[in-house]
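The values are calculated or read from the model by the stated rules, or taken from the named source; none is laboratory data. This is a predicted model, so every value here is computed, not measured. Because the Cβ atoms are built from the backbone with ideal geometry, glycine has one as well, and the counts that use them run over all protein chains shown.
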Amino acid sequence: MSQLDELRQIIVGDNTEQLSALKDRIESVEERTRDVSEVLAPAIDATMRRDDSLIQALSDPVSESLKRAIRIEPDAYAEILYPAIAPSIRTAIAQAISSMLATINKTIESATTVGGLKARFKSIRTGVPYAELLLRQSLLFRVEHLYLIDRDSGLLIGECGAEDQGLMDSDAVSAMFSAIQSFVQDSFSGREDDRLTDFKVGEHTIWIAHGPNAMLACVILGDPPAALKIRLYETLESIRIRYAEQLQHYDGDASQFARLDDYMQPMLQSQLREEELPEEKPKLQMGPLLVYLVIAAALGYLIFQALDRESKLSTLHRYFDEAPGVVVTKANWQDGKIVVEGLLDPDATLPFKTLSAHGIEQEKLQLNLTPFRSLETEMELRRFEKELDPPEGTILSVENGVLNLSGRASVIWLLRHDERLRQLQADRRLGLSNLFATDGSLNSYLATTLNIPAGPGRSEALAKLSQTPWVEISFTEILRDLLRSNRR
Amino acid sequence: MQKRKICMVGDFAVGKTSLTQRFVNNSFSEKYLTTIGVKIDNVVVDDTKLIIWDVAGRDSLSPINTNYLSGAAGIVMVADGTRPETVESLHTLAEMVVEKIGQVPCVVAINKYDHNAFKLDDEQQNKLTSQGWDIFKTSALTGDKVPELFQVLNNAIGAVTSVGEEA
Ligand SMILES: Nc1nc2c(ncn2[C@@H]2O[C@H](COP(=O)(O)OP(=O)(O)OP(=O)(O)O)[C@@H](O)[C@H]2O)c(=O)[nH]1
Ligand SMILES: [Mg+2]
């Protein structure tokens, strides 16, 4: 035993055995492991209670080892984690699908409407793919809820919107809007007319239109176009006009606001169409335009008709006046017919052909014409032609407005019409000073009827008669002359 | 359904929110979460829907925002029975209310009646009753006199409006 060992024994006593046992314990790995395992759990507990240094120390190795473990055995971990994460995945997917369905529904809806056609056209015009346009349009915004709120009390007067918005009690929402209003007013300016009009909550935009007694709050999903705000104010305005009295004295009894829905509902239905609104606004509305067109057409037709009737009357006047033997004293339209009053010579021919060429049909005419004899030369001429049937060699003519029958006619004809001719001449209706008898007929008349034998007397008489207009011929005188010359 | 706006007013931490929650949800919390701005709840009493505006309490730093009061059909004024100064301030509160919205039916709750520090001397009580107010010694914790508080206020409002209609 060394001196040192002796000294140690003197100081610490005889515990060499204990020491060597300790030494063994420290040097043996198994012993040490057992020792640490005994204190590990309480030690972790203690450090955790003290501070988070252990967590910090462990976080990196733990996450590293987890990563490695998952990489090696992903299935096992997925199985373990599944019950924990599946529900949340499910709800997330359900949400995504339901919103996608809403979009698809809307897309299909608009694809089959006028809006869809418009979009198609716009797509051609702008070159933006049709589907993209539709989606954009469909996703743009949706009016979800409208609240008509009493301005003073914040009490809800009426509301309208989809049921399943998951919003809280409408009365509370309504009061909240009003409270926010007061809060903002109080915090910012304290002035009554400084109002909160727009705000956003997540994906929702809330617009509030203010009237003197009520405000109309509109909850919109997405980005609404500015034109919608005009609609909102118009809606409030029409409500204000319709329910002026009730709004002023609202005391929480909404039953006085019957049919309020009629005013609010259109806002909800407007939805996607609104996007087109700003473009459409300045355009002339189709409805009124049609009415204007119809009115213009009707007016035009009336004017045309009046003009047409007038022009037909004047056409009728013109041609009737030109026609001989017709005197029109009055002509006007009655029940779609032209009633003509005046005088008509039975010998006159009415110019029906000409009139029908001007669109005036014969059956359109109602003639109330009194028969009369027209002394117009034209008429006389026609009448005489008909009555006398002037033989060849004679001519009926008008000279200086006077009718003349001139030429040479057979004695037989002359005798047959003798009385009438003389009467006409006496009436100054017919000039006969150039009407002679033909030589041949005179000769045979002298020979056969008057039994004047041939001879110088007859030749003389014939020569004289031939130069004498018929009406001036006096056969008695001729016979007397003949007798006188025979006696000689 | 007939609706009425009711406002809870009073100094901070007197128990406005607690009284409202006791009445509406029949619940109570020891925790004090001061109300900021206003909190709105509603409850149906006798076929009438009361929209209760639980307004933030008043203190020396923030006077109540009287804008919240407009259109109220009735007022619940709340004081804390363990803090006499909150009872005193009811009078100035009442003035503010009248100035903002005129005379409306009003009830007074002296709250925390369950608390052993609760104390309301005769002088204080007389001063309150002389204003014509109905006084309730309430406890949001036990629910004592809470339904009565709102019931009486609702009846008072009903009486006022039916008188108004007859006139
Ligand atoms: N013992 C007891 N404690 C109460 C009672 N009512 C309210 N409290 C307690 O008082 C504290 C304030 O209550 P609130 O209801 O928040 O008071 P408040 O008036 O709404 O306060 P502000 O919103 O800050 O104005 C809370 O800790 C409540 O638990 C009561 O009746 N009895
Ligand atoms: Mg509170």
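At a glance:
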read-out: Odd one out for B:T66, checked against (1) out of contact with any strand residue (DSSP E or B) (no Cβ under 9 Å at 6 or more places or on another chain); (2) in contact (Cβ under 8 Å) with a residue 24 or more places away in the chain; (3) within 12 Å of ligand 1 (Cβ to nearest atom); value: (3)
read-out: Options B:T35, B:T20, B:T48: the member that is at pLDDT 90 or above and either surrounded by fewer than 17 Cβ atoms within 10 Å (Cβ to Cβ) or more than 12 Å from ligand 1 (Cβ to nearest atom) (or both); value: B:T48
read-out: Evaluation of B:R22 against (1) out of contact with any Ser or Thr (no Cβ under 7 Å at 6 or more places or on another chain); (2) within 14 Å of chain A (Cβ to nearest Cβ); (3) not β-branched (V, I, T) (one fails), failing number; value: (2)
read-out: Residues of segment A:180-194 that turn out to be under 16 Å from A:S153 (Cα atoms) and more than 12 Å from chain B (Cβ to nearest Cβ), as a count; value: 0
read-out: Flag if A:Y250 is within 23 Å of B:R4 (Cβ to Cβ), hydroxyl-bearing (S, T, Y), in contact (Cβ under 8 Å) with a residue 24 or more places away in the chain and crowded, with 21+ Cβ neighbours inside 10 Å; value: yes
read-out: Members of segment B:17-28 that are within 13 Å of ligand 2 (Cβ to nearest atom), closer than 19 Å to B:K49 by Cα and touching a residue at least 60 places away in the same chain (Cβ under 8 Å); value: B:L19, B:Q21, B:R22
read-out: Filter pass, B:T92 being closer than 28 Å to B:K119 by Cβ, more than 16 Å from ligand 2 (Cβ to nearest atom) and assigned to a loop (DSSP other than H, G, I, E, B); value: no
read-out: Which numbered condition A:R408 misses (of (1) touching a Ser or Thr at 6+ places or on another chain (Cβ under 6 Å); (2) at pLDDT below 85); value: (2)
read-out: Close pairs (8 angstrom Cβ cut-off, 6 or more residues apart or separate chains): within 14 Å of another protein chain (Cβ to nearest Cβ) in segment B:99-114, assigned to a loop (DSSP other than H, G, I, E, B) and more than 16 Å from ligand 1 (Cβ to nearest atom) anywhere; value: B:K100/B:S70; B:I101/B:S70; B:I101/B:G71; B:I101/B:A72; B:V104/B:A72; B:V104/B:A73; B:P105/B:A73
